Amino acid sequence: MYSNEEFLLELLSEAAYITAQDLQKVKASRKGQESTLETLIKTGVVSDEQVAQLVASNSGMEYVDLNGYSAGPTLKLLVPVEVALKYKIAPIGSNGPTLQVVVSDPYDFETLDALPHVLQPDLEFFCSTPTLIKELQANVYGNEAVMGSAMTKLGASGGASSDGDAPIIKLVTNMLMEAFKNRASDIHIEPLEKDIRVRFRMDGVLHDVEHHPKRLHSAIISRIKIMSGTMSIDEKRIPQDGRIQMAFNDKELDMRVSIIPTQNGESVVMRVLDKSSLRLGLSDMGFFSDDQETFEKLISLPDGIVLVTGPTGSGKTTTLYACLSFINRSDRKIITVEDPVEYELPGINQVMVREDVGMTFAAALRAMLRQAPNIIMLGEIRDLETASIAINASLTGHMVFSTLHTNDAPAAVARLADIGVKPFLIATAVRGILAQRLVRKLCSECKEPAILSSRELRQLGLEASQLANATVMGPKGCNKCRNSGYRGRMVIDEIFKVDDEVRTMINQQLTTPQLRKRARELGMRTLREDGVRKVLAGITTAEEVIESTMADAD
């Protein structure tokens, strides 16, 4: 009944609820395996309410009178009947992301330590009597609670599911594990009119993986909100953001969670952040050796700005992390400003933008310059204020890395001018611009020789004679790649170096097409041309390159 009976008997004696004579009489009248405390309650010497209130007061836990209490259907799903019966608990409410649970014994530390692992990390405990908890279990779980003893026995003998197999908990956990095993970058949980659709984005492409009954939607969303630790279960009218961290096969699984209300209910997108990608070098990302050497020289300069451009989802942040890993040394101080911080980088000071408290990119950048860094990484240059501070930093001896949303590398010059940066400052500060896209790599286990069609040759700007020494390959499909023929992604890139001649062109305010034309004359390889090299090397396909470089068709 209680884990430390002798201690509780002492408490009852000190509180004058029982006397030494009471104890002697009770011990003499005990039957079978009935404990002294149980006999005291059974014979009416003390009430179970008195014991529970005394225990709660002494432990610092709040006592709750459960008479007439009930719990909603969501809480019932969050605390499965098997767990409630085994640990003699019941759910009574929630406070934001915290699940509130009632127990009968605040000194049963084994149970209190186990529950955060069985249910969720954020728990708040309250105390009540064993009788009232059983009554609440019957009200919450109905016939399931009546059958509880048999279910618990089956579970102990291996004939039934364990507590960790609670339906909703198991469903959500399995979903996250499957996403990680399949190297998905995003999990989409979308409420439709009649069911729930689950899709994984793998190698940049969305795939349907599961459909669930619509009745499970509320419980699934509540479980995800609780796992994030920062979202309100009750709030369903506004967008919410959070983060989930868990371990899987000795790996840390980190997910950024976004929830928005839609016509059919709340929709969830979870961005899977695989920390193993932090160990990627530039060569692992798909750079050919000549481009890698050029880019490494740019990022090794002592000052100036290096920009990485491309649309959302083109791997810009991962490339910046790879740059920082390449130049990170103990004699250099590196600070980043990010929105949000996606990965924690060892040995690097990272600052997260929080506009709600005034920590904007510009404010963070001003503050970090007082930290005397050698190298600064800005998640994105969004406005003139941020751009001006970044340029001034680069002109006073700092190396600055950042991103812009432009289609190609030369267009970044026009983008900076559009937000108000003077051409002479752009020409002076910018050292180089990398534009990139992500294309799917062919599965190394099943790729097979392929022939380019006349249309593909035309779109890639190739002649049939250029294929003599090429190794063109195509997708086949196997178990390793889920029969897609592709496994993993790589960058195709173009590098725009800002040398003296280019600086003159920027100062003369040449247009983007003029800059691009001159850059190509000076040897800049375009995104499509780099993609063609990788098609001819048998690493990716013409279809991937053509689709990713439609704006580079000229």
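A few notes on this one:
- Tilt relative to the chain, helix 20-29 - C-alpha long axis, 0 to 90 degrees, to 10: 80 degrees
- Tilt relative to the chain, helix 148-157 - C-alpha long axis, 0 to 90 degrees, to 10: 60 degrees
- Shape category assigned to the stretch 187-244 from the gyration tensor of Cα positions, a/c cut at 1.5: oblate
- Projecting the Cα atoms of SER325, GLN263, PRO130 onto the dipole axis of the chain, where Lys and Arg carry +1 and Asp and Glu carry -1 at the beta carbon, places SER325 farthest toward the positive end.
- Accessible surface, 1.4 Å probe, highest first, among residues LEU522, LEU307: LEU522, LEU307
- Cut-off under 5 Å, modelled amide H: who pairs with THR403 long-range: VAL308, GLU380, ILE381
- A simple count of charges around ARG489, restricted to other residues whose Cβ falls under 12 Å of its Cβ and scoring Lys, Arg +1 and Asp, Glu -1, yields +4.
- Looking at the chain, the accessible area is 48 square angstrom per residue; that uses a 1.4 Å probe and ignores ligands, DNA and RNA.
- Ligands, DNA and RNA left out, the accessible area of the chain computed with a 1.4 Å probe is 47% carbon and sulfur.
- Average 1/r across all pairs of distinct alpha carbons in the stretch 427-495, invert it, and you get the Kirkwood radius: 14.5 Å.
- Between 0 and 90°, nearest 10: helix 109-118 axis offset from the chain longest Cα axis: 40 degrees
- Share of alpha-carbon pairs per 5 Å distance bin for the stretch 378-436, given as whole %: 4, 19, 33, 32, 10, 2
- No disulfide-compatible partner, judged by a Cβ distance under 4.7 Å, exists for the following cysteines of the chain: CYS127, CYS323.
- The orientation-averaged projection of the convex hull spanning the C-alpha atoms of the chain amounts to 33.6 square nanometres.
- Where GluC sites (Glu not before Pro) in DSSP loops with at most 16 other Cβ within 10 Å are excluded, longest remaining stretch of the chain: 63-192
The values are calculated or read from the model by the stated rules, or taken from the named source; none is laboratory data. All values reported here derive from a predicted model rather than from experimental measurement. FYI the Cβ positions are ideal-geometry reconstructions off the backbone, even for glycines, and counts take in every protein chain you see. The accessibility values were calculated without ligands, DNA or RNA, using every heavy atom of the protein model including side chains. Shrake-Rupley method; radii C 1.70, N 1.55, O 1.52, S 1.80 Å.
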